[in-house]
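The values are calculated or read from the model by the stated rules, or taken from the named source; none is laboratory data. Since the model is a prediction, treat every value here as computed from it, not as a measurement. As a convention, Cβ positions derive from the backbone with ideal geometry for all residues, glycine included, and neighbour counts pool all protein chains shown.
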Amino acid sequence: MKLETTKTLKLPTGVLGLTGTRDGARLYAACMDGGVHEIEVASGEITRFAGGHQSYASGCVLLPDGQTLISGGYDGRLLWHDVAKRSLIRAVAAHNFWSWQLAVSADGRRVASGSGQYLVGGEKYEPAPATGATVKVFDAVTGELTHALVHGPPVQSVAFSPSGQYLAAGNLMGDVAIWDLPTGRQVAAFKTTEFTCWGIIKSPHYIGGIYGLTFSPDGESLLVCGMGPMADPMAGNGKMTWQRWVWRETPATLLGQIRDGEHGTGLMEAIQFSPDGKAFVMAGRQAQGTWNAAVFGAEEGRLLASLDTKSRVTRSFFAADGGTLFLGATVGQGPRKEGKWPEYGRIHVVAVRA
């Protein structure tokens, strides 16, 4: 397998959320300017939707009918957008802190958002317990709140099972919880120590967490990604890492993880199965190494292909045929030139070749 960048599209500000139409002809990016932008891939034309978030737009999902886009932001709101008119339909005050990440069920009936602030809860600077719901599920059509769930803050990633029956959430401390949505009961939980660390160099605090998670196509296992522990949490040079867990077992069983020699260092933020379920992509930011986006075989977890995008990748999106991978990203913002700030958002169009 080979990954080849065929085009890189520039956006005014960094991309934190990414989705698109099934054929990959149009993409939608949630950006650091608070806006949602539509991108015509062939021409590179970019159009901003009317309205937007009052802080960073951190995620966006497209409903299966292609007519409605939902975005989340650091203002704690979820916004419903009319795709054809590029206009605002509805605003819902979902959280009193940031919406870290959004997920939509495959049938388009539910949208979930994770939140929660890191407030010190003890002498080891562990996060204080949640004072309210940190995971919320809404009816994706009406905007009605259907579930208010509690998981240790901050909740940095959420994902629906393929059937839509289960919702998983991962947090800063490496805790994962899974709920059965028809009953609202938490049915599984596990903890992994490989995605967070604490240190006293520069400032004492925890850093890291599970930044991305996704169910396997059969719904029986969970892939999680992030950054391994390090001596100096401020350095950002922990191991690029993923793990795969069989979540239904008690206790949950570690099925596989990244192999030594197949990774560098840095924070991995995006993880997603390919449409055929035979591989998965993991991507993020690189501290040291040779890649920051890579494809692994789903069965054995071996590295199949990798790419260095020279950027921080925050989200990934596959076209339905699996032949094109889109990576939403940001690069360092340079100085003003002739009174204008340079564009620092990126979408990398990547061909996935056998």
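Which residues, taken from region 123-157, are within 12 Å of HIS95 (Cα to Cα), assigned to a loop (DSSP other than H, G, I, E, B) and small (Gly, Ala, Ser)?
GLY132, ALA133
Filtering region 24-34 down to residues that are among the small types (Gly, Ala, Ser) and touching a residue at least 24 places away in the same chain (Cβ under 8 Å), which residue is surrounded by the fewest Cβ atoms within 10 Å (Cβ to Cβ)?
Among them, the one singled out is GLY24.
Have a look at LEU167, LEU149 and point out the one that is crowded, with 21+ Cβ neighbours inside 10 Å, in contact with a strand residue (DSSP E or B) (Cβ under 6 Å, 6 or more places away or on another chain) and in contact (Cβ under 8 Å) with a residue 40 or more places away in the chain. So that I can check it myself, show each step before the final result.
Details: LEU149 fails: in contact (Cβ under 8 Å) with a residue 40 or more places away in the chain.
Going through LEU167, LEU149 in turn, just one is crowded, with 21+ Cβ neighbours inside 10 Å, in contact with a strand residue (DSSP E or B) (Cβ under 6 Å, 6 or more places away or on another chain) and in contact (Cβ under 8 Å) with a residue 40 or more places away in the chain: LEU167.
Can you tell me how many residues within region 178-192 are more than 20 Å from the chain's Cα centre (by Cα) and not in a strand (DSSP E or B)?
Final tally of qualifying residues: 4.
Okay, residues lined up against (1) touching a helix residue (DSSP H, G or I) at 6+ places or on another chain (Cβ under 8 Å); (2) among the hydroxyl-bearing types (Ser, Thr, Tyr); (3) under 19 Å from GLY170 (Cα atoms):
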{"position": "SER216", "(1), (2), (3)": "no, yes, yes"}
{"position": "ASN237", "(1), (2), (3)": "no, no, no"}
{"position": "TRP245", "(1), (2), (3)": "no, no, yes"}
{"position": "ALA252", "(1), (2), (3)": "no, no, yes"}
{"position": "ILE271", "(1), (2), (3)": "no, no, yes"}
{"position": "ARG302", "(1), (2), (3)": "no, no, no"}
{"position": "ARG312", "(1), (2), (3)": "no, no, no"}
{"position": "SER316", "(1), (2), (3)": "no, yes, yes"}
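Looking at this structure, is ILE70 more than 20 Å from THR314 (Cα to Cα), in contact with a Phe, Trp or Tyr (Cβ under 6 Å, 6 or more places away or on another chain), of a type in the set (A, V, I, L, M, F, W, C) and at pLDDT 95 or above?
For ILE70, the condition - more than 20 Å from THR314 (Cα to Cα), in contact with a Phe, Trp or Tyr (Cβ under 6 Å, 6 or more places away or on another chain), of a type in the set (A, V, I, L, M, F, W, C) and at pLDDT 95 or above - is not met.
Hey, can you tell me all the residues within region 339-354 that are aliphatic (A, V, I, L, M) and surrounded by 15 or more Cβ atoms within 10 Å (Cβ to Cβ)?
Hits for region 339-354 are ILE347, VAL349, VAL350, VAL352.
Is it the case that region 234-242 has a residue that's among the β-branched types (Val, Ile, Thr) and within 26 Å of LEU119 (Cβ to Cβ)?
Start the filter on region 234-242 by keeping residues that are among the β-branched types (Val, Ile, Thr), which leaves 241.
Checking the rest, the ones that are also within 26 Å of LEU119 (Cβ to Cβ) come to none.
Looking through region 234-242, none of the residues is among the β-branched types (Val, Ile, Thr) and within 26 Å of LEU119 (Cβ to Cβ).
So if I check each of HIS53, HIS95, HIS37, which one is crowded, with 21+ Cβ neighbours inside 10 Å and either assigned to a strand (DSSP E or B) or in contact with a helix residue (DSSP H, G or I) (Cβ under 9 Å, 6 or more places away or on another chain) (or both)?
HIS37
Which strands (runs of 3 or more DSSP E) sit wholly inside region 241-338 and have at least 1 residues that are hydroxyl-bearing (Ser, Thr, Tyr) and surrounded by fewer than 15 Cβ atoms within 10 Å (Cβ to Cβ)?
Fully inside region 241-338 and qualifying: 253-257.
Which condition number in (1) over 17 Å from the mean Cα position of the chain (by Cα); (2) of a type in the set (S, T, N, Q); (3) under 21 Å from ALA270 (Cα atoms) is the one that SER157 fails?
(1)
Mind counting the residues in region 298-354 that are of a type in the set (A, V, I, L, M, F, W, C) and over 28 Å from VAL61 (Cβ atoms)?
3
Which of the residues spanning region 107-161 are charged (D, E, K, R) and under 23 Å from TRP247 (Cα atoms)?
Those that are charged (D, E, K, R) and under 23 Å from TRP247 (Cα atoms): ASP107, ARG110, LYS136.
Matching residues to (1) buried (at least 20 other Cβ atoms within 10 Å of the Cβ); (2) free of Cβ contacts under 8 Å to residues at least 40 places away in the same chain; (3) among the hydrophobic types (A, V, I, L, M, F, W, C):
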site: GLY66; (1), (2), (3): no, no, no
site: SER71; (1), (2), (3): yes, no, no
site: ALA103; (1), (2), (3): yes, no, yes
site: SER115; (1), (2), (3): yes, no, no
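Inspect region 44-59 for any residue being farther than 27 Å from SER311 by Cα and touching a residue at least 24 places away in the same chain (Cβ under 8 Å) and give the result as yes or no.
yes
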